[in-house]
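One structure below.
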Amino acid sequence: MKKIEAIIKPFKLDEVKEALAEIGIQGMTVSEVKGFGRQKGHKETYRGAEYTIEFIPKIKIEIVTSDDLADKAVKTIMNKAKTGTIGDGKIFVTNLAEAIRIRTGETGESAL
């Protein structure tokens, strides 16, 4: 099993979610997060004063999937979240040792 964490631009969420559903991803966790990467934030002007916005609003998607579907999910996220501009985000893939469904006690891939 793999855990995929993707940090993407907020306006790309619906497009990514629909594309993941089409390839068979049944569930995901979505969080509103803030952060910065190489861009180190940006400057905005409000009523003539310049402000530095250090933490940029992003969306974090977490998915746990079988090894078979992981590569397809990563490619789908990359294709749908890409705008070609700075700040498109990152995808992290880690091995997952165990998953347990609390309600039934199922373990492994059957718990997904």
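Values quoted throughout were computed directly from the atomic coordinates according to the rules given, and no laboratory measurement underlies them. Computed from a prediction, not measured in an experiment: that's the story for all the values here. A quick note on method: Cβ atoms are made from the backbone with ideal geometry, for glycine too, and the neighbour counts reach across all protein chains shown.
For the stretch 48-112, the set of trypsin sites (Lys or Arg not before Pro) satisfying both a DSSP loop assignment and a count of at most 12 other C-beta atoms within 10 Å is given as 101, 103.
Each label was represented as a point 7 Å from its Cα along the Cα-to-Cβ direction; for residue 34 and residue 109 these points are 4.1 nm apart. Close amide H contacts of residue 56 (hydrogens built in the peptide plane, cut-off under 5 Å, sequence separation of 5 or more or a different chain): 35, 36. Structure remark: mean-square fluctuation, Gaussian network model of the chain, C-alpha springs under 10 Å; the largest value among 100, 25, 59 belongs to 100. Pairwise alpha-carbon distances in the stretch 2-111 exceed 23 Å for 38% of all pairs. Seen against the Cα atoms of the chain and their longest principal axis, helix 13-22 is set at about 20 degrees. Label-to-label distance, residue 100 versus residue 46, with points set 7 angstrom from Cα along the beta-carbon direction: 4.6 nm. Comparing mean-square fluctuations of 19, 99, 81 from a GNM of the chain with C-alpha springs under 10 Å, the top value falls on 99.
Between the Cα long axis of helix 67-81 and the first principal axis of the chain there is an angle of about 20°, rounded to the nearest 10.
Taking label positions 7 Å along the Cα-Cβ direction at both residue 79 and residue 5, the computed distance is 2.6 nm, reported to one decimal. FRET efficiency for the residue 92 to residue 53 pair, using the beta carbon distance and R₀ = 25 Å, is estimated at 0.55.
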